[in-house]
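First up is the structure itself, then whatever we jot down about it.
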Amino acid sequence: METNFRFYFDYIYFRITQAYFKWDGRTGATAIVAITMIQTLILSDVSLFILRLFYSRNETKNFTFIQWVVLIISFVLLIYNYQKYNGKYNKLRFYWKDETRRVRIGKGFLVIVSLILLWIPLILMGTLM
């Protein structure tokens, strides 16, 4: 496995599927939705930052089409992630089977932080600007 964004999302998929294995099984539906949420939040953070550079908060309230664009992009990402990750749990489990407990806890903490951290720019830009 390579060490880039795909690797990052692969690990998040693996860990969330592992945590929700009793409910989702090997498909990892919860993990696929979580990855889609992270990807959508990354795109939203970047686009909102760019919009706020050029428009005021009151001007961006009139951009209702952006909500539809985000919804469509999220749906496309969900389909893409489903096709990419559905049934890949065993392959990823084999790859990370030799992780030590310490490494697993450290990376698990980073997964949780990555799920929470992406909300902060949206909250800050929504309340401060």
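Readers should treat all values here as calculations from the given coordinates under stated rules, not as data from a laboratory. Since this is a predicted model, take the numbers as computed values, not measurements. All Cβ positions, even for glycine, are placed from backbone atoms using ideal geometry, and neighbour counts span all protein chains on display.
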Open item on the list: Skipping prolines and chain starts, which residues have an amide H placed within reach, meaning under 5 Å, of the one on Asn86, given they are 5 or more residues away or on another chain?
Closed with: none
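Tell me, what is the percent relative contact order of region 5-128, built from C-alpha pairs under 8 Å that lie six or more residues apart? Spell out each step's value before the answer.
Working: 82 pairs, mean separation 47.3, N = 124.
Contact order relative to length: 38 percent.
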TODO: With Kirkwood radius over Cα pairs in Å defined as stated, name the option among (1) 15.7; (2) 16.2; (3) 15.1 computed from the structure displayed.
DONE: (2)
Open item on the list: Which one, Gly25, Leu77, Ser56, projects farthest toward the positive side of the charge dipole computed for region 5-128 from Cβ point charges (K/R +1, D/E -1)?
Closed with: Gly25
- [ ] Would you mind computing, in nm to one decimal, how far apart the modelled labels at Asn90 and Arg52 are, each placed 7 Å from Cα along Cα→Cβ?
- [x] 4.6
Open item on the list: What are the ³J(HN,Hα) couplings of region 16-31, residue after residue, when phi is run through the Karplus curve with 6.51, -1.76, 1.60 and θ = phi - 60°? Round to Hz, x for glycine and proline.
Closed with: 5, 5, 4, 5, 9, 4, 5, 8, 9, x, 6, 5, x, 4, 4, 5
Task: Calculated FRET value between Ile72 and Leu124, using beta carbons and R₀ = 25 Å, to 0.05 - done: 0.45
Open item on the list: Between 0 and 90 degrees, rounded to the nearest ten: what's the tilt of helix 119-128 against the longest Cα principal axis of the chain?
Closed with: 20
Task: Calculated from backbone phi, Karplus (6.51, -1.76, 1.60) coupling profile of region 73-79 in Hz, x at Gly/Pro - done: 4, 4, 5, 5, 5, 4, 5
